[in-house]
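Okay, structure first, notes after.
The values are calculated or read from the model by the stated rules, or taken from the named source; none is laboratory data. Just so it is clear, the model here is predicted, and its values are computed rather than measured. Cβ atoms come from the backbone with ideal geometry, glycine included; neighbour counts cover every protein chain shown.
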Amino acid sequence: MVTRKSVKILIMFACGIALVLGLGGCKKNGEPPEGQTPGSKVPTKTTTVDVTPSSETPDVSEQTLEVVLLQGLGPVAFGMSENEVIALLGQPERTEGGIALFYLESRGVSLLLRPGRGVEEISCWSKEYPGSPPELITFTGKTKEGIGMGAGREQIVAAYGEPDRTDSKGPFETLYYGKLGSQFWLAQNKLVNIKMRGR
């Protein structure tokens, strides 16, 4: 039975994501507004959805998804609708009010969608992300340039050049690449999160 407290938490989380997405429309080059670090917390479990596989859902469970900056993740492209994503990746473990899809337990991936615009942000996670929930698994894919979870700053800079800017807050060093619409989050010089947006 859903309690009032869990409903309030769900509403607050959904409003927070909507606020981040709303502010995101005002920024340039995929960078967050000054002083803001969206997605600095791993999403926590709130809403459970039916994960019964459909006979029409393709079996991509064994596929390693490639990260293509500015374009998408494996067969999922920026701008796709929720139904298109589910047709490609299957049912997510959780959803958040039609604006977020979580494949944290099966793929180590989450997607944020904007109504009418489809997939707007894709995040790939490592279980080494500080404070991550125990059910999170590490994303096993890599970028076209060979960057995957656990990569160090030196490898990222060798692949993409020096970042446009960096932030160091708490356990994180974040490398921002505006022209690539991407952020690389490191903890103890190991990549623990990739956040990317489309063109």
Next item on the list: Sort through Gly170, Gly178 and tell me the only one that's modelled with pLDDT under 95 and farther than 23 Å from Phe102 by Cα.
Entry: Gly170
Item checked: Residues of region 150-172 satisfying the condition of being farther than 17 Å from Pro130 by Cβ and assigned to a strand (DSSP E or B) -> Arg165, Thr166
Check: What residue, of Phe139, Phe184, is under 19 Å from Phe78 (Cβ atoms) and either in contact with a helix residue (DSSP H, G or I) (Cβ under 6 Å, 6 or more places away or on another chain) or part of a helix (DSSP H, G or I) (or both)?
Finding: Phe184
Item checked: Scope region 108-136; condition free of Cβ contacts under 8 Å to residues at least 60 places away in the same chain and either part of a loop (DSSP other than H, G, I, E, B) or under 10 Å from the mean Cα position of the chain (by Cα) (or both); matching residues -> Gly108, Val109, Leu111, Pro115, Gly116, Arg117, Lys127, Pro134
Checklist line | Ala87 being aliphatic (A, V, I, L, M), more than 19 Å from Phe184 (Cα to Cα), at pLDDT 50 or above and buried (at least 17 other Cβ atoms within 10 Å of the Cβ) | finding: no
Notebook entry, point to check: What residue, among those in region 90-104 that are at positive phi and in contact with a strand residue (DSSP E or B) (Cβ under 9 Å, 6 or more places away or on another chain), is surrounded by the fewest Cβ atoms within 10 Å (Cβ to Cβ)?
Noted result: Gly98
Margin query: Tell me yes or no: at least one residue of region 99-118 is modelled with pLDDT under 90 and of a type in the set (Gly, Ala, Ser).
Written below: yes
Margin query: As an exercise: evaluate Thr95 against (1) in contact (Cβ under 8 Å) with a residue 24 or more places away in the chain; (2) under 19 Å from Glu66 (Cβ atoms); (3) touching an Asp or Glu at 6+ places or on another chain (Cβ under 9 Å) and give the number of the one condition it does not meet.
Written below: (2)
